[in-house]
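The structure under discussion appears below in the form of structure tokens.
The values are calculated or read from the model by the stated rules, or taken from the named source; none is laboratory data. All values derive from a computational prediction rather than experimental measurement. Positions of Cβ are generated from backbone atoms using ideal geometry, with glycine treated the same way; all protein chains shown enter the neighbour counts. Heavy atoms of the whole protein, side chains included, go into the accessibility calculation; ligands, DNA and RNA do not. Shrake-Rupley method; radii C 1.70, N 1.55, O 1.52, S 1.80 Å.
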Amino acid sequence: MSRTFSSGIPARLIIVAVFAVIVIPGIIFAAILMNRYAEVQRGRYQQEAIEAATTGAAVVDRHIRSWQITLQTLGTSRALRDGDLEGFYSQALEVKAFIGADIGLRDLSGQQLVNTRQSWGKELPFTPFPVDQQVIASARPHVTNVFTGAIAQRPLVAVIVPIFIDGAPRYLLHVGAETALFADVIKPMIPLGWFVAIGDRDGVYVTRSEDHDRFTGQPGVPAFLAQAVGKQGTFVGKSALGEEILVGYARSELSDWLVAANIRRSVVEQPLRSAVIALTAGGVTSLFVMLIAATLLWRLIGKPLRSLTLVSARLGKFSGPIQVPTKLTEFIALRDAMSEASQKLNASSAELEAKVADRTAELAQASELVRAEAAERQRIEAMLAQAQKMEAVGNLTGGVAHDFNNLLQVVGGNLELLKKEPGLSEKAHTRIANAVAGVSRGAQLAAQLLAFGRRQALEPRVINVGRFIRGMDDLLRRTLGEEIEIETVVAGGLWHTFVDPTNVENAILNLAINARDAMDGAGRLTIEAGNSYLDDDYVRWNAEAARGQYVVISVTDTGSGMPPEVLAKVFEPFFSTKPVGKGTGLGLSMVYGFVKQSGGHVKIYSEVGHGTTIKLYLPRSHDTEDVLDHSDQLPVIGGTEQVLVVEDDDAVRDTVVNMLSELGYRVLQAPNAQSAMSIIESGTQIDLLFTDVIMPGPLKSAELARSAKALLPRLAVLFTSGYTENSIVHGGRLDEGVHLLSKPYTREAMARKLRYVLAAEKAPSPPNSSATSDDAASLTVLLVEDDAIIRLDAAEMIESLGHKVLEAGSGREAIALAETHTIDRLMTDIGLPDISGVDLATRLRERNADLIVVFATGRSQLDGFQMDNRTRLVSKPYGAADLAAALAAERLQT
């Protein structure tokens, strides 16, 4: 019985479609790239046209200016002033040999008296210029348009200078130059493939680099001239020969002549045409090859496929092997399987049923594998979605951390208060403890997000890293276990470094834990601290590093090491080689973010099977070692002082007020900075201002603190926030003298911090802390910086020092401000857009010789300015302490 086959899509069309899907997108992508390439090329040619025209105009101005200077110098000749015209003629001949152009002298009526184009004594023509009276009246040089010389009978241009003797106009001295001179001058600066034309103010050709003799003295194309509007620009137009050209034009400053650099559109479009031809040829060839390949492939599989299709209708009717000629392995296997199946069908129906059952079992197993693979894929997709979600979280760490920490503060604070409620059962205490632990984990997560986003508020101190590492010995041994052999090596004469001690400890601990995991819990861990200098060669090969002196911490393990492809990703957030659930992938990202935020550099070396070394380069500090803040070790006690709480979040404010009241403090509260300022100005005695950093309204928290300190000098100030932005943090570091309690915080942490800040405020000042009257007074600082972001940060730091700031983005703006304001200090960048900072300082010193100038620069020394006792240098990057020292210092006594 024959079998009827339903119609469907022919396999040959599918093969052609597969090849088309492979080839056609590549052709489309190439076309898009080609179009982008054409746009870039056009933009480049427009820029080159402007530059060529501008250069040409500058060359023309340079020659005209040299002629003006030459004529003005020649006009001072003693022979001319004594009326010795023959002697003056000899001098003019010498000048002609020098400048390559003729010198002429006329009286005020226009009668030529001397002309180096004629020998002395020959009669000279009467040649008045229309602009002679204008030149005499203005007493300034003038450049003429193109004219035909009365003697030369060729196109000429002239530069006319009036000569005054005893204060009265006596002569008109001019240089008469052939227009060909400009053609010779302009040709060397013309780029290959371009031509340049110069036109006078009436649009007459002075010269054209191609075919000068044909065009000089001829009128220009009106349509061309109509498009050349303004000082400079570009357009597409037609040349005098009717060719379509790209034009860049600029005007001469001294003569107002038009200098046009031109390139034919055919030259501009030639690369695109060649690329289009190549793309078309490549596309046609690819399609042709695709069709041939599809045809050959169909011939290879079409015949055996049809034969096997026909044979399949007669399975069980063949007594011997099925004969279907083919060279394809898959078809051979199918043919043999069909032969075996047919023979077995003939032999026994029961055996066939058994085979069917076995095959069914295999299919069930395959289906199970497919389901397992689908489940695995879903799991992987979920992991990918989670990674993408966390990446988005990393990009939004600032605002998220602030709001999240506020929520945690409300929850944690109320839990702390709830613990104090009487009559709670053991079960309730257990649940509260679990909730508090959850708040702690949430706070840790927010801190990790801020760390790898480099937005954490660092509290750097000058520390000795060697002493710090030795102090961590017990902590490391407890954390890593007995199977890890720990060795610490600290070099002699170790320098100090200026970093956040807590983050250094966390970084070393993170690296040690990663090393332990890489060694499977057993091996040797070496922690070294030493001095290092990164030179120019190192910086050349490590772009993220900066040249200078560093304290380097090296952590080396004897673990499994990492291959290059893993090494390239180790600092990426959430990347981890550990099994699922064994790590967050944030450890090395936090270390990297902290070191970079501290102005340092991280380098990692690893070899598979030998181990890994990670080096943390921390900038050297020349200051003495600080005494570290141990406020977290103070006893948890309250007080009776009066505290003003400023918090815009109602829930957070209510929680904080309750916690402070429970500790015994007298509490005032305000929802914003303006309300807080009103309370302070009312005269109420306040011992401590406890304010959120991020505050709505025009009055910010930092300004509130400064104003409050001005009214209450003994007032203690404590900031709190989950994300500090830039109001009390600059360069990722807390401003000097600022105290911060990061959200969320516990009752115990708040109690300790309040006692510490109150005690610090009441502590006596060191003997040398009182400033002179000049230093302590509020100064008016003129800040000149063209970078708006740098200017904004610098102004905020200066204002935080109690000074008034006048901001300017250029030298001219600064001079205008100095004319209307009394300036105590000038702080300026050296590279300004109009005049240099050195010139600006010189001009302002002419007004006020005692003006103290602070140069903000990346240089170690300043050329072109007298470095005396009125001048300071502040190296970028600088902090508030650097500005305070530079601005407040009195002049050194000489």
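The table that follows gives values for the structure above.
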| quantity | calculated |
| --- | --- |
| Pair list, Cβ under 7 Å, 6 or more apart: segment 607-623 residue assigned to a strand (DSSP E or B), other residue acidic (Asp, Glu) | 611/557; 612/557 |
| Residue list for segment 143-159, filter: assigned to a strand (DSSP E or B), within 11 Å of residue 176 (Cβ to Cβ) and open to solvent by less than 20 Å² (accessible area, probe 1.4 Å) | 156, 157, 158, 159 |
| Residue match in segment 785-795 (condition: over 32 Å from the mean Cα position of the chain (by Cα), modelled with pLDDT of 75 or more and open to solvent by less than 60 Å² (accessible area, probe 1.4 Å)) | no |
| Only one of 182, 195 that is over 18 Å from residue 71 (Cβ atoms), touching a strand residue (DSSP E or B) at 6+ places or on another chain (Cβ under 7 Å) and either open to solvent by less than 50 Å² (accessible area, probe 1.4 Å) or of a type outside the set (A, V, I, L, M, F, W, C) (or both) | 195 |
| Which listed residue, of 261, 226, 240, is crowded, with 22+ Cβ neighbours inside 10 Å and not β-branched (Val, Ile, Thr) | 261 |
| Filter result for the condition that a residue is more than 30 Å from residue 248 (Cβ to Cβ) and in a helix (DSSP H, G or I), over 86, 48 | 86 |
| Which numbered condition residue 35 misses (of (1) out of contact with any Phe, Trp or Tyr (no Cβ under 7 Å at 6 or more places or on another chain); (2) open to solvent by less than 30 Å² (accessible area, probe 1.4 Å); (3) farther than 30 Å from residue 104 by Cα) | (2) |
| Pairs with Cβ under 7 Å, 6+ apart, first in segment 239-250 and in a loop (DSSP other than H, G, I, E, B), second of a type in the set (A, V, I, L, M, F, W, C) and open to solvent by 10 Å² or more (accessible area, probe 1.4 Å) | 240/215; 240/221 |
| Test: residue 306 is modelled with pLDDT of 70 or more, of a type in the set (Lys, Arg), in a helix (DSSP H, G or I) and open to solvent by less than 70 Å² (accessible area, probe 1.4 Å) | no |
| Residue tally, condition modelled with pLDDT of 90 or more and open to solvent by 10 Å² or more (accessible area, probe 1.4 Å), over segment 686-702 | 1 |
| Hey, residue 591 surrounded by 15 or more Cβ atoms within 10 Å (Cβ to Cβ) and either at pLDDT 85 or above or under 17 Å from residue 718 (Cβ atoms) (or both) or not | no |
| One residue from 491, 507, 515 being in contact with a Gly (Cβ under 8 Å, 6 or more places away or on another chain), within 26 Å of residue 622 (Cα to Cα) and either among the small types (Gly, Ala, Ser) or at pLDDT 90 or above (or both) | 491 |
| Count - residues of segment 90-136 that are in a helix (DSSP H, G or I), modelled with pLDDT of 90 or more and of a type in the set (Gly, Ala, Ser) | 2 |
| In segment 110-128, the residues that are over 15 Å from residue 163 (Cβ atoms), open to solvent by 30 Å² or more (accessible area, probe 1.4 Å) and among the hydrophobic types (A, V, I, L, M, F, W, C) | 120, 126 |
| Whichever residue in segment 478-499 is among the acidic types (Asp, Glu) and within 19 Å of residue 614 (Cα to Cα) and, among such residues, is least open to solvent (accessible area, probe 1.4 Å) | 487 |
| Unmet criterion (only one of (1) in a helix (DSSP H, G or I); (2) more than 18 Å from residue 851 (Cβ to Cβ); (3) not hydrophobic (A, V, I, L, M, F, W, C)) for residue 786 | (1) |
| Selection status of residue 677, open to solvent by less than 40 Å² (accessible area, probe 1.4 Å), over 38 Å from the mean Cα position of the chain (by Cα) and hydrophobic (A, V, I, L, M, F, W, C) | yes |
| Long-range neighbours under 8 Å by Cβ, at least six apart or interchain, first residue farther than 12 Å from residue 828 by Cβ and of a type in the set (Asp, Glu) within segment 783-798, second modelled with pLDDT under 85 and in a loop (DSSP other than H, G, I, E, B) | 793/726; 796/726; 796/727 |
| Every residue from segment 643-674 that is surrounded by 17 or more Cβ atoms within 10 Å (Cβ to Cβ), among the hydroxyl-bearing types (Ser, Thr, Tyr) and either modelled with pLDDT of 90 or more or in contact with a His (Cβ under 6 Å, 6 or more places away or on another chain) (or both) | 665 |
| Residue count, segment 671-713 (criterion: part of a strand (DSSP E or B) and either touching a residue at least 60 places away in the same chain (Cβ under 8 Å) or among the hydrophobic types (A, V, I, L, M, F, W, C) (or both)) | 3 |
| Cross-chain or 6+ apart pairs with Cβ under 6 Å, segment 829-852 first and surrounded by 15 or more Cβ atoms within 10 Å (Cβ to Cβ), then basic (Lys, Arg) | 851/845; 852/825; 852/870 |
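For (1) closer than 30 Å to residue 186 by Cα; (2) of a type in the set (Val, Ile, Thr); (3) under 52 Å from the mean Cα position of the chain (by Cα), each residue gets a yes or a no:
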site	(1), (2), (3)
48	yes, no, yes
62	yes, no, yes
70	yes, yes, yes
73	yes, yes, no
83	no, no, no
86	no, no, no
94	yes, no, no
108	no, no, no
125	no, no, no
